[in-house]
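Student: Take a look at this one; I'll ask things after.
The values are calculated or read from the model by the stated rules, or taken from the named source; none is laboratory data. Remember, it's a predicted structure, so these values are computed and weren't measured experimentally. Glycine gets a Cβ as well: all are built from the backbone with ideal geometry, and neighbour counts include every protein chain shown.
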Amino acid sequence: MNDDKHTSDPTGDPTGDPAGDPTGVPGGDPKAWADRPAFQKNFFRGLIAFGVLVALAGFVPAFQKDHPHFPAEGVPIFFAIWGFAAFMFIVLAGQHLRKLVGRAPGYYEERE
């Protein structure tokens, strides 16, 4: 008896793909759609365009505060700058925090 045919797939393919392609991508390309350079380039450009549009929206009077509590809030793109600075602080602080609370590289390996 052949041990390779323990699946419900009639073709006997253990991946379940009738075409025999474990990636599931037409043509056998091992890269998924999100790993393709064209998608990554266009996605990155889209993110930049969206960020620029949101920052430009800060100059529209309808999106500005009528009576800012602090003088800095009157700057048109203050909240975009403040949010970016806070994000960068969290990322940089996380890199250093990992050094304090992280496990040693071989911590989860089996001990002999």
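Student: Does Pro76 fit the bill of being in contact with a Phe, Trp or Tyr (Cβ under 8 Å, 6 or more places away or on another chain) and outside any helix (DSSP H, G or I)? Walk me through it before giving the result.
Tutor: On the way: in contact with a Phe, Trp or Tyr (Cβ under 8 Å, 6 or more places away or on another chain): yes; outside any helix (DSSP H, G or I): yes.
In short, yes.
Student: Write out, first by first residue and then by second, each pair whose Cβ atoms fall under 6 Å of each other, whose residues are 6+ apart or on separate chains, and whose first residue, in the stretch 57-69, is touching a residue at least 40 places away in the same chain (Cβ under 8 Å) while the second is assigned to a helix (DSSP H, G or I).
Tutor: Listed pairs, sorted by first residue: none to list.
Student: Applying the selection to the stretch 54-73, what residues are in a helix (DSSP H, G or I) and surrounded by 10 or more Cβ atoms within 10 Å (Cβ to Cβ)?
Tutor: Filtering the stretch 54-73 for residues in a helix (DSSP H, G or I) gives 54-57, 61-63, 71-73.
Result: Val54, Ala55, Leu56, Ala57, Phe63, Ala72, Glu73.
Student: Still on this model: Any idea which of (1) loosely packed, with under 12 Cβ neighbours inside 10 Å; (2) at pLDDT 85 or above is the one Gly51 doesn't satisfy?
Tutor: (1)
Student: Taking the options Lys41, Lys5, name whichever one is out of contact with any helix residue (DSSP H, G or I) (no Cβ under 9 Å at 6 or more places or on another chain), surrounded by 10 or more Cβ atoms within 10 Å (Cβ to Cβ), at pLDDT 90 or above and basic (Lys, Arg).
Tutor: Lys41
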